[in-house]
1. Springs between alpha-carbon pairs under 10 angstrom, Gaussian network model over chain A: which of A:V244, A:V209, A:V235 fluctuates most?
2. Once you place label points 7 Å from the Cα toward the Cβ at B:S281 and A:M256, how far apart are they in nm?
3. With the crude spin-label approximation of a point 7 Å out along Cα→Cβ, what separation in nm comes out for A:A29 versus B:Q219?
4. Can you give the charge dipole size of region B:162-281 about its Cα centre, rounded to the nearest 20 debye, using +1 on the beta carbon of Lys and Arg and -1 on the beta carbon of Asp and Glu?
5. How large is the dipole of region A:114-212 about the Cα centre if only Lys and Arg carry +1 and Asp and Glu carry -1, each at its Cβ, rounded to the nearest 20 debye?
6. Residue farthest toward the positive end of the dipole of region B:208-278, with Cβ of Lys/Arg at +1 and Asp/Glu at -1: which of B:I276, B:L253, B:S228?
7. Show the residues, 5+ positions off or on another chain, whose built amide H is closer than 5 Å to the amide H of B:L53.
8. Measuring from label point to label point, each 7 Å out along Cα→Cβ, what is the A:A39 to A:S82 span in nm?
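A short reminder: the numbers here are calculations on the coordinates, not readings from a lab. What you see is a predicted model, and the numbers here were worked out from it, not measured in a lab. With ideal geometry, Cβ positions are generated from the backbone for all residues, glycine too; neighbour counts draw on all protein chains shown.
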Amino acid sequence: MELISPTEFAKDKVLAVQEYYQLSAQAVANLLRQPRYIADTLQQADIIGVGSLPIVVLTGFFTGAVLALQSSNTLQRFGSLSLIGQLVSESMVRELGPVLTGLMVAGRNSSGMASELGSMKVTEQIDAMRALGTDPLKKLVTPRVFGTVLMLFFLTIISDFVGLAGGAFVSGTLLGLDARQYWQNAWQSLAFGDIFMGLAKPVFFGFIVATIGCYYGLSAKGGTQGVGRATTQAVVAASVLILVVDFFLTRALMVMLPGM
Amino acid sequence: MASLPSPIAPPPPSPESRHIAIQFEDVSIGFEGKPVLDGISFELLRGESKILLGAAGSGKSTILKLVLGLIRPDQGRIIVLGHEVTEMTEEQLFDVRREIGMVFQESALFDSLKVRENVSYRLDEEHDISAEEIERRVREALRFVELENTLDMMPAELSGGMRRRVAIARAIVTHPEIVLYDSPTGGLDPVTSTTILELIAKQRDVYRSSSLMVTHRLQDALLLATHSFDSKSNQMKPIEPGANVNVRTAFILLRDGKIIFDGPAYELVHSTDPYIREYLS
């Protein structure tokens, strides 16, 4: 393995952050500029949203179910098994729904974007696009960013709901709780702040998933090996960034919305 | 040494005024600390063709990307059709690029689009051309490369030579002032290569566009310099000695990032420079 001097390493990292920032800022600014690629945006929304639906539903359902199962012992010890609806709903809506949906979509779509754009980069299709008078950021990045942010928002709502349904399934079939009591408890425990937090997060996570995937794809070099490397790096970076941003975002929202 | 093509003789003096299509002035560029082009200067006149020769890694393809403004030089000025592309923003460059067609090394067709959509891509992006006009021009461009029957095929269904021909159709669909060819015959069999060269000669002699062509195949370069396209028979024919035909095709030879030769075919093949002799042999 080739050794790189610490200065060169630091320079590379700073340059990467700068390029990522430029790409992200440009992707957002392009929303206000002509031409707008509506058809491409709808196509991306379909690929990201409808395509990710099965894994999001499965993940959400079984997360809610296992959450109910794991917490039932503890709650039973304190005689509070009836609060299981509250526990599942708050956990799913505030934290697990957005984070797990973000991670699932990152695994599926960051990698997809990195490999697709990476292949286009190494086969000179990105250069060809520029040579033919098209800005690849407008044509390729902005539709993916907008499509991912929009669809992750709705996917998170679906994930929250099926997570609650998973919890209801376990509560009803394995713990013998009344379904009506579960749903009432789950619904009444949710405050505005919980829902706001749960729906603000996917906007940030969607942005991370798409911009990271596009950044690594457009930075790919070195043939098919480079595309493979870009794909792996995109998934790792997007997943880690989601978890890091989740912590800071949660803290910021807790400060902004007192009483949460 | 490569065999000397029969009609190689000093071309008749060019009556054209010095209208410049592309001008490089002391252009240098390097990648990852390694110099690729080192202070090169040359001119391409309107209606003229220049063939860039040189060993692999000598910076031939880099020149084409610099012309398009896809990359920027570390030093020097590049003027394309009167615009200094080195000073222009990406948005401004899109207007200049409308006047330039580019055939990439591996065709670079958009593999998710049909042949029709690939060829019409630039016209679609203009947003102010009617669908009928786009269809007419796409068919015209595909007829030029004799691939009108592939309109609804995907690039993956085409052979390497057919992909290269579609790439030519995509490059010329807007009748650009300049056409850039990056190793258009690379990796193709001799018969397909000749077909591609015939198309390049046709574009040069029928539409009189300026062109820069990168190749490492000397025989292809000499073929283009010694043949002209005959519209009647729809094929290339050797230029007879004494014939009043000027295909205005010159050569640039690169070595270690510098231009070591810039001139017509007869000067190239008669050069006494040891490196050029070795290159030609």
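1. With Cα springs under 10 Å in chain A, the top fluctuation among A:V244, A:V209, A:V235 is at A:V244.
2. The two pseudo-label positions are separated by 7.5 nm.
3. If labels sit at A:A29 and B:Q219, their model points lie 5.2 nm apart.
4. 400
5. I would put it at about 180 debye.
6. Among B:I276, B:L253, B:S228, the one farthest towards the positive end of the dipole of region B:208-278 is B:S228.
7. Sorted by chain and number, the residues that satisfy this are B:I252, B:L253, B:L254.
8. Label at A:A39, label at A:S82, 5.9 nm between them.
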